Amino acid sequence: MPTELPAVALVDLDAVAHNVGVVRSRVAPAAVMAVVKADAYGHGLVPVARAALAGGASWLGVAHVHEALALRDAGIDADVLAWILTPGTDLLPAVEAGVDLSVAATWSLEAVVAAARAGGRRARVHLEVDTGMSRGGSSPSEWPALLDAVAKHVDAGDVEVRGTWAHFASADVPADPSVPAQLEAFEAALATAHEHGVDPGLRHHANSAAAFFVPQARYDLVRAGLAVYGLSPAPDLASGAELGLVPAMTLAARLAHVRRVPAGAGVSYGLTYTVPADTTLGLVPLGYGDGVPRHASWDGERSGEVLVAGARRRIAGRVCMDQVVVDLGDEAALPGDPAVVFGPGGDGEATADDWAQAAGTISWEVVTRIGARVPRRHTGTAGVPQPPEVPA
Ligand SMILES: *Cc1c(COP(=O)(O)O)cnc(C)c1O
């Protein structure tokens, strides 16, 4: 890691491209939409989007319109879908930038149509239908009316339907009865679209878990998020390594302080950790202000673990806002020594999955919440514009 930084999130763009390739070969002939919402799950929106496209993604997916426009501002002209619309958002820039917008209700359809008319061009929409998760999407009861309104606006030249989609509640448990039930509901919704004269366009229902574990859900396109970042969407079924994925993010720091304390010393807020014997403590300059989960504090039995001097060290006591203390035993560590919070795991460091377990959460949250205070440093060359070769 760079010596001038106290802490850094290293993001391997070659791993991103590799992971997209893994998903792609798994789901072919379906295409891959790389989901890059929330700053690419904390990995850095624009470099990751470029790497994902270099790795074979043909679509990019984001939640918000402003995320899609950030991609366009960076000069990325690939197909991009934004799926959360809220009343009041100016949709004209999105329509003019050729961003695909998801529509799940007549109010959002009308908002998109108004923007299309203002811009003098057809808006590209994907229709979202709820197949059982009860989150976004048109209810089955409202679907026919939405389709009639869509058909009218297609005929009028206001919109073009490029896709029809839904989202799984439990694709990480492929044997759950909700999985086939959602697919059945999706088939019914597609049939209803045809009956109402609407060509559904690209059909997409799968997230990362379904892309790997529910082959019938792949349709024309899969929306892969977590897998792009190299993490398993169903760690109970298969590890990332077993799926051929390579974790892209390594969170590392340098010890800011090292000291000996005597047996019996209490450590960090609340003194919830008492050192069993004389020991060396190391200070890692990352805390919950950087996204290190406070729930991964020492709880009397376990904690998140940080790799220092070749071994994983437990967190001594509570995670603070800017720092955690690790118990180094009799290790002769020095300020400036590297401390790896999580990474691919190849050097013995914990993975984002390990941290998710220690904090009682999921790896999606662990990587996505790494805070803005932690600089991202991108390594690898996938998607990085190369300088022209200088003739010898
Ligand atoms: C976040 C998201 C995805 C990606 O999910 P993963 O489990 O990370 O693959 C796909 N589709 C929608 C609608 C999402 O919100």
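The values are calculated or read from the model by the stated rules, or taken from the named source; none is laboratory data. Small disclaimer: the values here were computed from a predicted structure and weren't measured. So basically every Cβ, Gly included, is an ideal-geometry build from the backbone, and we count neighbours across all protein chains shown. SASA here: full protein model, heavy atoms, side chains in, ligands and nucleic acids out. Shrake-Rupley method; radii C 1.70, N 1.55, O 1.52, S 1.80 Å.
Using the Cα centre as the reference, give the magnitude of the dipole from point charges on the C-beta atoms of the chain (Lys, Arg: +1; Asp, Glu: -1; all else neutral), rounded to the nearest 20 debye.
580 debye
So for the chain, averaging the separation of alpha carbon pairs under 8 Å that are six or more residues apart and normalising by length, what relative contact order in percent results?
Taking the mean separation of contacting Cα pairs over the length of the chain, I get 19 percent.
How would the range 13-229 be classified by its alpha-carbon gyration tensor: rounded, prolate or oblate, with rounded meaning a/c under 1.5 and the a/b versus b/c comparison settling the rest? Don't skip to the end; give the middle numbers.
Numbers: a/c = 1.94, a/b = 1.12, b/c = 1.73.
Because a/c hits 1.5 or more and a/b fails to exceed b/c, the range 13-229 counts as oblate.
Please list H18, H126, H194 in order of solvent-accessible area, largest first, computed with a 1.4 Å probe with all protein chains present.
I get H194, H18, H126, largest accessible area first.
Please report the spacing between the Cα centers of the range 291-311 and the range 6-77 in Å, no decimals.
Using only Cα atoms to place each centre, the spacing works out to 29 Å.
Taking the Cβ of A211 as the center, what net charge do the other residues with Cβ under 11 Å away carry, scoring Lys and Arg +1 and Asp and Glu -1?
For residues surrounding A211, the net value is +4.
How do D330, D79, D278 stack up against each other in accessible area, from largest to smallest, with a 1.4 angstrom probe?
Largest accessible area first, the residues go D330, D278, D79.
Could you state the angle between the C-alpha long axis of helix 178-195 and the longest principal axis of the C-alpha atoms of the chain, as a value from 0 to 90 degrees rounded to the nearest 10?
Rounded to the nearest ten degrees, it is 30.
Quick one: accessible surface of M249, probe radius 1.4 Å, all protein chains present, in square angstrom to the nearest 10.
Only protein atoms counted, so the area is about 10 Å².
Mind checking the angle between helix 143-155 and the chain's longest principal axis? C-alpha axes, 0 to 90 degrees, to the nearest 10.
70 degrees
Taking 0.36 nm per residue of sequence separation and subtracting the Cα-Cα distance, how much length would be gained by fully extending the chain between R302 and E160, in nm to one decimal? Numbers along the way, then the final one.
Numbers: separation 142, 0.36 × 142 = 51.12 nm, distance 5.39 nm.
Additional length available on full extension: 45.7 nm.
State in Å² the accessible area per residue of the chain; use a 1.4 Å probe, count heavy atoms of protein chains only, and round to the nearest integer.
Result: 42 Å² of accessible area for each residue.
About its Cα centre, how strong a charge dipole does the range 13-229 have in debye, to the nearest 20, once Lys and Arg get +1 and Asp and Glu get -1 at the Cβ? Don't skip to the end; give the middle numbers.
Working: 15 positive and 24 negative charges, 96 e Å.
Computed about the Cα centre, the dipole is about 460 debye.
What does the charge count around P285 come to, taking other residues whose C-beta lies under 10 Å from its C-beta (Lys +1, Arg +1, Asp -1, Glu -1)?
That works out to -1.
Sorting Y269, Y288, Y41 by accessible area (1.4 Å probe), largest first, what list results?
Working: Y269 155, Y288 100, Y41 20 Å².
The ranking, largest first, comes out as Y269, Y288, Y41.
Would you please calculate the Kirkwood hydrodynamic radius of the chain over all C-alpha pairs and express it in Å, rounded to one decimal?
22.6 Å is the Kirkwood radius here.
May I ask what percent, to the nearest 5, of DSSP beta bridges between residues of the chain are antiparallel?
If I count the DSSP bridges inside the chain, around 45 percent turn out antiparallel.
Tell me, what is the FRET efficiency for T361 and A191 to the nearest 0.05, using R0 = 35 angstrom and their Cβ-Cβ distance as r?
On the way: r = 39 Å, r/R0 = 1.10.
Here the calculated transfer efficiency is 0.35.
Share of the chain's accessible area from carbon and sulfur, percent, 1.4 Å?
Using a 1.4 Å probe with all protein chains present, the chain comes out at 52 percent carbon and sulfur.
Run the helix sum for the chain: -39,500 (n - 2.57) per DSSP H stretch of 4+ residues, divided by residue count, reported at 222 nm to the nearest 500 deg cm²/dmol.
Details: 11 runs with 110 residues, N = 392.
Value at 222 nm, helices only: -8000 deg cm²/dmol.
Expressed in nm to one decimal, what extension gain is obtained for the pair D77 and A277 from 0.36 nm per residue of sequence separation less their Cα-Cα distance?
Separation in residues times 0.36 nm, less the Cα-Cα distance, equals 66.0 nm.
Relative to the first principal axis of the alpha-carbon coordinates of the chain, what is the inclination of helix 13-27, with its axis defined by its Cα atoms, in degrees from 0 to 90 and to the nearest 10?
50 degrees
By the gyration tensor of its Cα atoms, with a ≥ b ≥ c the square roots of the eigenvalues, what is the shape of the range 90-201: rounded for a/c under 1.5, prolate for a/b over b/c, or oblate?
prolate
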